[in-house]
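Values quoted throughout were computed directly from the atomic coordinates according to the rules given, and no laboratory measurement underlies them. All values reported here derive from a predicted model rather than from experimental measurement. Cβ placement follows ideal geometry from the backbone for every residue including glycine, while neighbour counts extend to all protein chains displayed.
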Amino acid sequence: MDYRKKAVSCVKDTVLPVQMAQFRECGCSLDKQYRKYGDMEGFFAKIIEQGRRYEVGYPKCVCPEVQDGETEDPAHCECSRQSILYILETLLPGKQVSVEIMETVLDGAQRCRFAVTVESEK
């Protein structure tokens, strides 16, 4: 399955514009954005190392396909990883971004957590 294509389709007209507006409002600083918007009902973000390492995630699974009972496969969480990666690559063009799955609800965790690393240049 092409999770990247599915992820982009899922977030490009919904989550991306919201994140882009927040990012711009915060002077195009991920640190400032996460300080201001990193503790919301459907999303959290922690700064681990300013400008470089973050933990982001969801207090519960937010995937419509999971919520509709279409899948319970933990491999499907790659779609969430790809959506976070796509959003961050869009917000930070020219930066090398990596996103790793730490834990997910479908793997039995309480919440979904992802480790994000931003390198200075591609």
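Table for the structure above
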read-out: Identity of the residue in the range 6-64, among the small types (Gly, Ala, Ser) and over 22 Å from Glu121 (Cβ atoms), that ends up surrounded by the fewest Cβ atoms within 10 Å (Cβ to Cβ); value: Gly42
read-out: Count - residues of the range 31-53 that are assigned to a loop (DSSP other than H, G, I, E, B) and over 14 Å from the mean Cα position of the chain (by Cα); value: 4
read-out: Output for the range 98-113, where each listed residue is in contact with a Leu (Cβ under 9 Å, 6 or more places away or on another chain) and either surrounded by 19 or more Cβ atoms within 10 Å (Cβ to Cβ) or part of a helix (DSSP H, G or I) (or both); value: Val99, Cys112
read-out: Residue in the range 1-8 that is in contact (Cβ under 8 Å) with a residue 60 or more places away in the chain, among the β-branched types (Val, Ile, Thr) and in a helix (DSSP H, G or I) present; value: yes
read-out: Any pair with Cβ under 9 angstrom, 6 or more apart, that starts in the range 109-122 at a residue that is within 15 Å of Leu30 (Cα to Cα) and ends at one that is outside any loop (DSSP other than H, G, I, E, B) and small (Gly, Ala, Ser); value: Ala115/Ser98; Val116/Ala45; Val116/Ser98; Thr117/Ser98; Val118/Ser98; Glu119/Ser98
read-out: Output for the range 1-15, where each listed residue is under 15 Å from Cys63 (Cα atoms) and of a type in the set (A, V, I, L, M, F, W, C); value: Ala7, Val8, Cys10, Val11, Val15
read-out: Residues (closer than 19 Å to Lys5 by Cα, touching a helix residue (DSSP H, G or I) at 6+ places or on another chain (Cβ under 8 Å) and assigned to a loop (DSSP other than H, G, I, E, B)) located in the range 66-91; value: Thr71, Asp73
read-out: Gln22 in contact with a Cys (Cβ under 9 Å, 6 or more places away or on another chain) and outside any loop (DSSP other than H, G, I, E, B); value: no
read-out: Count of residues meeting criterion [over 13 Å from the mean Cα position of the chain (by Cα) and in a helix (DSSP H, G or I)] in the range 9-19; value: 2
read-out: Long-range neighbours under 6 Å by Cβ, at least six apart or interchain, first residue among the small types (Gly, Ala, Ser) within the range 86-98, second in a strand (DSSP E or B); value: Ser98/Thr117
read-out: Conditions (1) at positive phi; (2) in contact (Cβ under 8 Å) with a residue 12 or more places away in the chain: number failed by Gly69; value: (2)
